[in-house]
Every structure is written in structure tokens, then in C-alpha cells.
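S.K.: Structure below; questions to follow.
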Amino acid sequence: MHRRNPKAPDGAGRDPERTQHRILAAALKEFAARGFAGARVAAIARRAKANKRMLYHYFTDKKGLFRAVLRHKIGERRGLVGQQASPADVVSSLAPWFRQNCQDADWVRLLAWESLQTTNDLVLDEKERRRHSLQSIGSIRKKQAAGRLRSDVDAACLQLAKVSLAMFPMALPQVARLITGRSPRNPGFQRAYARFLETISVGFRPAQPAAN
């Protein structure tokens, strides 16, 4: 969380952690609905049942609040999926990542808005987010070197494929519905797609030697 300003607005010191969590949750909803450019600090304050001064006290400005939302969500999601996926096999996280996206559609929409509103190929907090991506790629390379994943697949491309496969139905739900005839929110679609991801993940593992 952000450092407290010694000149805190009235009421800011009563339960700062709870207030900040409430603001972050409200900001995620607003940014997901309207994008960074369209989001309004006043609307976030209303959602959070806080005054605007408290938002500026904790997060400085709208850009600082957006950064905080991104950092909070990235950390939250890495922790959640890490609990579900086997640490021994990076591709085993494909289905859990997809299930998490189904439960966290606001996060997917937030990234879609960011893509639409980015004009110079740079995104907020790019250095930190790139660092997380490189960690994931490094993990894949270690598993390739240990013989747990195919070594003839580019590690960065494998990470990109993993993220894309897990996110696409929720990012472009109309395309998924046109192709499959079911909304990605449909429980039957989600079960079928998760099984599909589990099936294709086998293709990223090294071929087993034939039995004699």
C-alpha cells in the first residue's frame, strides 16, 4: 500500500488499510467499465464511499491509482494461480488461469481497455510488469533445461500462448460465442474449454520414449 501523508484528510486514519482496499475495488470496476481515459475520480470515490481527498491522499492522482490497481491485481492473481497449479509443470496452470479469468472478468476488460487506449506502445508501470513477464519466461527455460518442457519451443512464445489461450474467450466473448454457440460465461463452455486446455498442454511436454 501507499505511504500515508502526514497531513491526512479527516477520517483517513480510522482504518486506512480497509479504506484503500475499498478504493482499489471501486477503481477496478470504474477502470474496467470506462478505461483509464474515461474513468472519473469522482465516480471511483462514490463507488468506494470515500471522498476524493482520500483518493489523492493515498494514491496521489488517477495515474497512481491505476498503477496501484494493476500491482494489486497482478500480485493477487499470481498468488491465486500459484496455489492451483503444480510448480513442477508450468503448462498445468493453463486451465487454472482460464478459470481465474472467468471469475475476474473486470481484470480482462481492464487490459482490453489499456490496449485500446495505448498510443505509444508503452503502458503504465511497464518496467515492473516486464520484470514479471521475464520471471515467467525464465521459469519456463529452467523447466526446459530440466527436461520437463519441450526445448524446441521458444520460451517467450510459450508464455505468450499460455496467456492468450487462458484469456481470449473472456477478452473477446462475442467471437467465442460466434464460434462455439455458447457464451464464455456459460458453465458448460467453461468446463469444456478447461478440458481442452488440459488436453493441449500435454503437447508442450517432451515426448516419452517408446516402451520396448
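S.K.: Sorting 149, 134 on the 10 Å Cβ count, fewest up front, what's the list? Write down the numbers at each step before the final one.
M.R.: Working: 149 22, 134 12.
The order, fewest Cβ neighbours first, is 134, 149.
S.K.: Classify region 13-70 as rounded, prolate or oblate from the Cα gyration tensor: take a ≥ b ≥ c as the square roots of its eigenvalues, call it rounded if a/c is under 1.5, otherwise prolate when a/b beats b/c and oblate if not. Could you put the intermediate results ahead of the total?
M.R.: Details: a/c = 1.69, a/b = 1.58, b/c = 1.07.
Here region 13-70 falls in the prolate category.
S.K.: Follow-up question, since we're still on this one. Take the alpha carbon gyration tensor of region 85-204, find the square roots of its eigenvalues, order them as a ≥ b ≥ c, and report rounded if a/c is under 1.5; if not, report prolate when a/b exceeds b/c, else oblate.
M.R.: oblate
S.K.: With the cut-off at 24 Å, tell me which of the pairs 63/142; 73/143; 29/63; 142/162; 73/142 have Cα atoms farther apart than that.
M.R.: With Cα atoms farther than 24 Å apart: 63/142; 73/143; 73/142.
Any read-out appearing in this document is the output of simple, stated calculations on the displayed coordinates, not a laboratory observation. Predicted model, so just to flag it, every value in this text is computed and none were measured. Positions of Cβ are backbone-derived with ideal geometry, glycine not excepted, and every protein chain shown enters the neighbour counts.
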